[in-house]
Amino acid sequence: MGTSVLSLRIDKELLDRLRCHAAKRGMSVQDYVVRTLVRDDFDERFSAAVEETERFYGVT
């Protein structure tokens, strides 16, 4: 898998909150944001898979 660069413009308060959350986990802000995005993406894909399975088996 290759990598790409994503640049974000965020306000100081949000960056400060991200720094605090990342520091609590011993992570850099970049690692924290990437991990959060990956987790959210997984949650969405998992939910979609569950919904598809329920439709397939006719679960309401």
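The values are calculated or read from the model by the stated rules, or taken from the named source; none is laboratory data. From a predicted model like this one, the values you see are computed outputs, not experimental measurements. Every residue, glycine among them, receives a Cβ derived from its backbone with ideal geometry; neighbour counts consider all protein chains shown. What goes into the accessible areas is simple: the full protein's heavy atoms, side chains included, and nothing from ligands, DNA or RNA. Shrake-Rupley method; radii C 1.70, N 1.55, O 1.52, S 1.80 Å.
Placing +1 on the Cβ of every Lys and Arg and -1 on the Cβ of every Asp and Glu, with nothing else charged, gives the chain a dipole about its Cα centre of roughly 400 debye. Protein heavy-atom surface of the chain, 1.4 angstrom probe: 56% of the accessible area is carbon and sulfur, with nucleic acids and ligands not counted.
Report the trypsin sites (Lys or Arg not before Pro) located in segment 1-30 that are in a DSSP loop and have at most 14 other Cβ atoms inside 10 Å of their Cβ, or state none. Provide the component values of the computation, followed by the final result.
On the way: sites: R9, K12, R17, R19, K24, R25; in loops: R9, R25.
Those that pass, being in a loop and sparsely packed, are R9, R25.
Between S28 and Y57, the FRET efficiency estimated from the beta carbon spacing at R0 = 35 angstrom works out to 0.25. Can you work out the accessible area per residue across the chain, with the rest of the protein chains kept in place, probe 1.4 Å, in square angstrom? Counting only protein heavy atoms, the per-residue value for the chain is 97 Å².
Label separation (S7 vs C20): 2.9 nm, computed from points 7 Å beyond Cα along the C-beta direction. Count Lys and Arg as plus one, Asp and Glu as minus one, and take only other residues whose Cβ is under 15 Å from that of R25; the net charge is then +4. Rounded to the nearest 10 degrees, the angle from helix 29-57 to the longest Cα principal axis of the chain is 10 degrees. For the chain, list log₁₀ I(q)/I(0) at each q in 0.12, 0.25, 0.27 Å⁻¹, using the Debye formula over Cα point scatterers of equal strength and ignoring solvent, two decimals each. Reported log10 I(q)/I(0), two decimals: -0.48, -1.05, -1.13.
The angle separating the long axis of helix 12-24 from the principal Cα axis of greatest extent in the chain is about 80 degrees.
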